[in-house]
Amino acid sequence: MSDFGVVGKSIPQLGSLEKVTGKALYTDDLPFENLHYALILRSPQAHARIVSIDCARAVALPGVTAVITGADYQTTFGVLPISYDETALAVDRVRHVGEGVAAVAAETLDIARQALDLIDVVYEQLPEHFDPEAGKSRVACQIHAHSKDGSNIHKEVNLCFGDMESAQQATVYEAGGEFEFPAVTHGFLEPHSTVAQWSQAGDELTVWSATQVPFYLRRQLARIFEMEQEKVRVIKPYVGGGFGGKSDPFPHEVVVAALSRKSGKPVKITFTREEVFISHHARHPSVIKMRLGADKEGKFTFLDLDATINGGAFGSFGVVTTYYNGVLTQGPYRIDNFRYRGQRIYTNFPPSGAMRGHGAVNTRFVKECLIDEIAEKMGIDPCDFRLQNLLSENTLTATQFRITSNGMKEAIERVRKASGWDQRIGRLPAGHGLGVACSFFISGSALTINRDDPQSIVRTVKEEDGCFTVYSGASDIGQGSDTVLAQVTAEVLGVPLEKVRIISADTGRCPIDIGSYSSRVTFMAGEAARLAAVNLKESLSRGDGNVGVGEYISPKLGGTYKGAGAGLSPSYSFGASVVEVKVDQETGFIKIVKIWLAHDCGKALNPQAVEGQLEGSVHMGLGQFISEALHFQGGTIANANFLDYKMVLSTDVPEIEAIIVESNDPEGPFGAKECGEGALHPVIPAAANAVYNAVGVRLRKLPAAPDFVLSELKRVKRS
Amino acid sequence: MPGVHRISLEVNGVAHELQVGSTETLAELLRQRLSLTGTKIGCDGGTCGACAVLVDGVLRNSCLTLAALVDGAKITTIEGLADGEKLHPLQQSFVENGAIQCGFCTPGMVLSAVALLAESPAASESEIREAISGNICRCTGYVKIIKAIKQVAQAQEKP
């Protein structure tokens, strides 16, 4: 497949020139006449009744142009229609430290700060809920009244496939355990920022926001302000990273719109870094119990999984997360007998939500570690063990997910070879180890969140100057989706890339794309762009028009059981990682020597960009393994800054070898599928398996910080 | 009330005379007064390096630098690096090597590299890693950034 002109070539991302010269405008950089500044007064309490809010002194402060409280906008909203449980500002009750209780707009940021100090809030403390386990039964003073039987359960999923009883009878080798994961967060570099401006007549709203989901934001703003969606325009300027952290419609986006309406001015909010941490909506902390079995031939017999996930104060993507913790754990292996129970519990922490690798990262860790244990019990190489249990191409899983292209086998073989696995495993010096693990992830969800939304529509126009303009709602957040759209279009039309212009992520100008999340954009917006270009080309050759429209609609897939839609994707990605570590047995410090990652992205439309996604995924996965965790004192984040929330820096990142596997998906554009999320999954368990290989410690908790590793080393030595 | 200071400074070769507040930072001055928004604020606490600029050739986090203290200084921001349309070799290398994803860390990252290579034109990989260790990038895993800087350093090594 080398007969492409543009597709398959490494090219710099569109916008690189603007970014490297400082000309790229992110939301906070946009110039506005007479811009006013918003700040949010945030709760110091984790769970409290708001007895009173007195804003009189703030309102009276010269230069203050609007003050609002939760009472002003009480419509609940969220990303999933089944969990509309957030409000612009707290209504009568705060549910986590940092929840907004009032907001001001003022002529300057200084005045806004002074105004916040003049707002008096009286709280009456309520029982605080920090333990998800305790939230499973009746509690004193529920966080949300809709949780069943007086508990704090937000969502419970129970699934069972196959015949667990006879599967357990056929089991000869078994591994199991309980694992614990802290909260980790996105750590994107651009703080949330939003500007809102109403038309003079007050009937049209324009919002510029650092968002991954302009169309979902438009939908919620229209609901809250009781307008037609067409009267709300959401524009996404350059976005400085998201990783899931900008994929909800957020309270602050509603707040600035409300303040702008009240003040009649354009109003901006830009978060402090601490506010970014507080806003959270990131990876759920979880406790995972799992058992995995294999028969005497080394074929998996069953998977038995319980996940308790800490939802924090609101729903966010949590219903989906609860399913993903289970159903995305089965692949890339054939396991016909599978039981899952997942519970998402509301607590008085900042809300958990979606983060790169959504929902499946922690359970993936557990499963890949248990696979390693069974391989050891059987005395079989962990690569071989995995290879003999893989799903094939073109098959159905136990949950009736349709597998099409599947590069899993090649991915394992490639990391095995590149790392010199066969020559080195078992022959490394003391303290050194190699570990392997695999991944399985969706290329977008086959079902849309809002049933009436199309997934992605692209409109491509041939202009009078001979250039082609692609209009797409897809949100480039730094991953390079604009570049994908341009490449696909140029390829179909047979024109140089320079002839293609992209206008994207502006709900006022572009047809819908539902957003940059769930690793859907290359597959779905890319395919819509391909179809638009094909239609345009046909139209041009017939001479009956200069516009081509393409729409991506996922094929009808899946089973009929309750929850069958969760985790359904038109295509799945596969990958494998080998990690080499050196563990200092005196200090417990793990040095990551090298990481190999092979990922099946279907077809690399832009190999350099795919490598960038793989390398970034490795980096983020490594952070979760080695150092990242939010620490809480009560309900307050104790390390809400980049000094104490420790991400892997340039000095610590190891050599990374990113290997692209191309399985040429039958339904993705030119064979492409996702590469930005699945690639994170295998790194974390591969590192843990390497630690075991090095020093005999099975990590049951993350991160693998030196103090924890040292205590585990001592524990192993004692036993 | 905070006092007001009159300062003069040169930014990207252009002289400015300004009145600045006692608490005003260089980052605020650049972004709000001079509309040089290429200087980014990622943490406002000196922990991410997105706001890094050159003050008399020395790398500084502009969010931690008071504007009143740069009186008489020559400042280089990302906007001042290219020579007209011609990119600085480091900018060019960042673009070509795919070292830019979301781009928010890019200005500070490039300026850190400029400061390094001014000091140590043929810097080694470990010097490069050290030099950008105050610049957080969450997208790239640093791989292509290190590669981009290394390529320029190696080009300087040759003649």
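The values are calculated or read from the model by the stated rules, or taken from the named source; none is laboratory data. Fair warning: this is a prediction, and the values are worked out from it, not measured in the lab. Don't worry about glycine lacking a Cβ; one is built from the backbone with ideal geometry, like all the others, and counts go over all protein chains shown. With ligands, DNA and RNA removed, areas are computed over all heavy atoms of the protein, side chains included. Shrake-Rupley method; radii C 1.70, N 1.55, O 1.52, S 1.80 Å.
Among A:652, A:384, what's the order by accessible area (1.4 angstrom probe), most exposed first?
Numbers: A:652 95, A:384 60 Å².
Ranked list, largest accessible area first: A:652, A:384.
Mind checking the mean number of beta-carbon atoms from other chains within 10 Å of the Cβ atoms in B:93-99? Could you put the intermediate results ahead of the total?
Details: counts 1, 4, 7, 5, 4, 14, 5.
Counting other chains' Cβ atoms within 10 Å and averaging over B:93-99 gives 6.
Take the alpha-carbon centre of segment A:409-467, take the same for segment A:148-227, and report the distance between them in whole Å.
Taking the Cα centre of each part, segment A:409-467 and segment A:148-227 sit 22 Å apart.
Among A:324, A:238, what's the order by accessible area (1.4 angstrom probe), most exposed first? List each step's numbers first, then the result.
Details: A:324 15, A:238 70 Å².
Largest accessible area first, the residues go A:238, A:324.
Could you work out how far the C-alpha centroid of segment A:491-538 sits from that of segment B:110-148, in angstrom?
A separation of 35 Å, based on Cα centres.
Please name which of A:609, A:681, A:221 has its Cα lying farthest along the dipole of the protein assembly as shown towards the positive end, using unit charges on Cβ (Lys, Arg +1; Asp, Glu -1) and the Cα centre as origin.
Of the candidates, A:681 comes out farthest on the positive side.
Provide the packing ranking of A:286-294, B:107-115, i.e. peptides ordered by the mean count of other C-beta atoms within 10 Å per residue, highest first.
Values: A:286-294: 21.9, B:107-115: 27.8.
For the peptides A:286-294, B:107-115, the packing ranking is B:107-115, A:286-294.
Filter the trypsin sites (Lys or Arg not before Pro) in segment A:129-188 down to the DSSP loop ones having no more than 14 other Cβ atoms within 10 Å, then list what survives. Kindly include the intermediate steps, with their values, before the conclusion.
Details: sites: A:136, A:138, A:148, A:155; in loops: A:138.
Loop-located and lightly packed - A:138.
Give me the inter-chain shielding for B:33-40: mean count of other chain Cβ atoms within 10 Å, whole number please. Could the numbers behind the result be given before it?
Numbers: counts 0, 0, 2, 2, 9, 9, 2, 9.
If you average over the peptide's residues, the count of other-chain Cβ atoms is 4.
Could you work out the helix-only [θ] at 222 nm for chain A, with each DSSP H run of four or more residues adding -39,500 (n - 2.57) and the total divided by the number of residues, to the nearest 500 deg cm²/dmol?
On the way: 17 runs with 181 residues, N = 719.
So the calculated ellipticity at 222 nm is -7500 deg cm²/dmol.
Order the following by accessible area, largest value first: B:85, A:368. Probe radius 1.4 Å; ligands, DNA and RNA are ignored.
Listed by decreasing accessible area, they come as B:85, A:368.
Can you pick out the pairs among A:289/A:646; A:9/A:562; A:367/A:562; A:537/A:562 whose Cα atoms lie more than 32 Å from each other? Write out the running numbers ahead of the final one.
Details: A:289/A:646 27 Å; A:9/A:562 43 Å; A:367/A:562 24 Å; A:537/A:562 43 Å.
Where the Cα-Cα span goes over 32 Å, the pairs concerned are A:9/A:562; A:537/A:562.
Please give the total accessible area that chains B and A bury against each other, computed with a 1.4 Å probe and expressed in Å² to the nearest 100.
On the way: alone 8370 and 26010 Å², together 30870 Å².
When B and A are taken together, about 3500 Å² of accessible area is lost.
Which value, in Å² and to the nearest 10, is the accessible area of residue A:328 when all protein chains are kept and the probe is 1.4 Å?
Estimated to the nearest 10 Å², residue A:328 gives 0 Å².
Keeping every protein chain present and rolling a 1.4 Å probe, give me the accessible area per residue for chain A in Å². The partial results should precede the final answer.
Details: 24310 Å² over 719 residues.
Ligands and nucleic acids excluded, the result is 34 Å² per residue.
Heads up, I need the accessible area for residue A:468: 1.4 angstrom probe, whole protein in place, Å², nearest 10.
Surface accessible to solvent at residue A:468 totals approximately 10 Å².
Counting only protein heavy atoms, what percent of the accessible surface of segment B:4-80 is carbon or sulfur at a 1.4 Å probe? Show your work: numbers first, answer last.
On the way: 1510 of 3210 Å².
Roughly 47 percent, rounded to a whole number.
Applying 1/(1 + (r/R0)^6) with R0 = 30 Å to the Cβ-Cβ distance of residue A:413 and residue A:655, what FRET efficiency is obtained, to the nearest 0.05?
Working: r = 21 Å, r/R0 = 0.68.
For R0 = 30 Å, the calculated efficiency reads 0.90.
I'd like the GluC sites (Glu not before Pro) in segment A:157-250 restricted to DSSP loop residues with at most 14 other Cβ atoms within 10 Å, sorted by number. Could the numbers behind the result be given before it?
Working: sites: A:165, A:174, A:178, A:180, A:204, A:226, A:228, A:230; in loops: A:204, A:226, A:228.
Passing both the DSSP loop test and the Cβ count: A:226, A:228.
Any chance you could check the Cα centroid distance between segment A:33-53 and segment A:629-680 for me, in angstrom?
Taking the Cα centre of segment A:629-680 as reference, the centre of segment A:33-53 is 32 Å away.
Give me the net charge for the shell around residue A:548: Cβ to Cβ below 9 angstrom, other residues only, Lys and Arg +1, Asp and Glu -1. Mind dumping the intermediate values first?
Values: positive: A:459, A:462, A:537; negative: A:538.
Net local charge, residue A:548 excluded: +2.
What part of the accessible area of segment A:244-367, given as a whole %, is carbon or sulfur when the probe is 1.4 angstrom? Don't jump to the answer; show the numbers that get you there.
Working: 1070 of 2200 Å².
Roughly 49 percent, rounded to a whole number.
Averaged over peptide A:638-650, how many Cβ atoms belonging to another chain are found within 10 Å of each residue's Cβ? All intermediate terms of the calculation are to be shown ahead of the outcome.
Numbers: counts 0, 0, 0, 5, 9, 5, 1, 1, 0, 4, 4, 9, 18.
Across A:638-650, the average partner-chain Cβ count within 10 Å equals 4.
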